[in-house]
Every structure is written in structure tokens, then in C-alpha cells.
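Before any comments, here is the structure.
The values are calculated or read from the model by the stated rules, or taken from the named source; none is laboratory data. Every value quoted in this text rests on a predicted model; they were computed, and no experiment measured them. Cβ placement follows ideal geometry from the backbone for every residue including glycine, while neighbour counts extend to all protein chains displayed. Ligands, DNA and RNA are stripped out before the accessible areas are found, and what is left, the full protein with its side chains, is counted by its heavy atoms. Shrake-Rupley method; radii C 1.70, N 1.55, O 1.52, S 1.80 Å.
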Amino acid sequence: MTEHREDVVRHDRRVRGRLLAILAALAVASAACSPGTGSGPASPAGGTVAEGPQQGTAPALAPSGTTLDGGNVDAAELAGTPVVLWFWAPWCTVCRAEAPEVAEVAAEYAGRVEVLGVAGRGELEAMQAFVDETGTGGLRHLVDEDGSLWQRFGVITQPAFVFVTGDGTTESFMGSLGGEQLRAMVEELDRE
């Protein structure tokens, strides 16, 4: 029994190590859709925040709320399920460019990993137009008009991704992920 537990711990460390290595590599190539001078996105305090991967102990996943189509997401229905939160804004050109690939990856992993859009920083009509124009209607999109989910997960720029394991551990990535990069991250999440 002890050997099995040690094997599980070693496996978890390897998976997390690979995930962090992938995130670190992606940080070099990533660019956020945020105004600035190239030194990173502006923080609320006026400084800059480094783009790329960030590991943290964000509060347990509880993205309950209303979806763009008027439905609801209840945290209880997501318990034990790996989740990708994709934070986007309707006016973000990088979000718009990556949207079809996000939708493709979400469809590929449907039933195993839940991909939720988190729409913020815009009007409801603009959010709906973004979904209609980008082909992301197959995803559920939480409406975060007051920014509470963005704040809860430390998201200050868009696009951004928060990867949540079934046990609630989070990894965040501030910036854009191409389809293959996102697929690799979701595949790691699906294996856990």
C-alpha cells in the first residue's frame, strides 16, 4: 500500500513538472491582448504583471453563475471534473483569433474536461455577438459583468486560462494559447 502511494506521489510530481515546463515554454511565446508597452499587462496598481504561467492556491473552484444564454452553472455539477476557464473580452482581438481553436479543443475533450468561457469587460450584446461571430456557441459562457470571477482567480488581462484539476488545484496562464498548446495543457489535465 505504501509503495502504491509513493508511486502516485511520484506520478503527480512528474505530471505537475511537465505541466509547469509546458507553461514556462509557452510564456516565452505568449502575448496578451492588453494595452501596454510590451513590458507586460498593466496591473490595477499601475505596475506590470509578468505574462505566462502562474501556479497558485486559488480558492476552490466554484464558478456558479448565469451563462450568456440565460442558463446556470452550479459548482456542484463540476465537482471532481477537470475544468478549463477561458477568460475573454468581446473587444479583444487575440481572444477572437484564438476562439475557434478553443471551441475545437473543447469539443474534442467534451465529456472529460469542461471548458467554460468567462466573458467580462463588456456589454452583454457585445458578448453575444462575439460568441456568434467566433463559433464558440458550443461552450457555456459565464457572464462576469462585475469581474468577481476574474478577481477571484487573479486574472487581470485577457485572454487568460485557469486549469482546474478534479481535486480543485489550479494553474493559471495569462496570455494566449494556440490550439496545439491548449490541447497539450488539456491533455495533461485529462490525465490527472
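Couple of notes before you dig in:
- A prolate overall shape is assigned to region 80-130, the ratio a/c of its alpha-carbon gyration tensor axes (a ≥ b ≥ c) being 1.5 or greater and a/b exceeding b/c.
- Looking at region 116-184, the accessible area is 36 square angstrom per residue; that uses a 1.4 Å probe and ignores ligands, DNA and RNA.
- Restricting region 95-124 to GluC sites (Glu not before Pro) that sit in a DSSP loop and have at most 16 other Cβ atoms within 10 Å of their own Cβ leaves Glu123.
- At 1.306 mPa s and 10 °C, Stokes diffusion of region 134-188 via Kirkwood alpha-carbon radius, µm² per second: 125
- Across region 104-177, Cα pairs under 8 Å and at least six residues apart give a relative contact order of 24 percent.
- Label point distance in nm, Asp69-Ala107, each placed 7 Å from Cα along Cα→Cβ: 1.4
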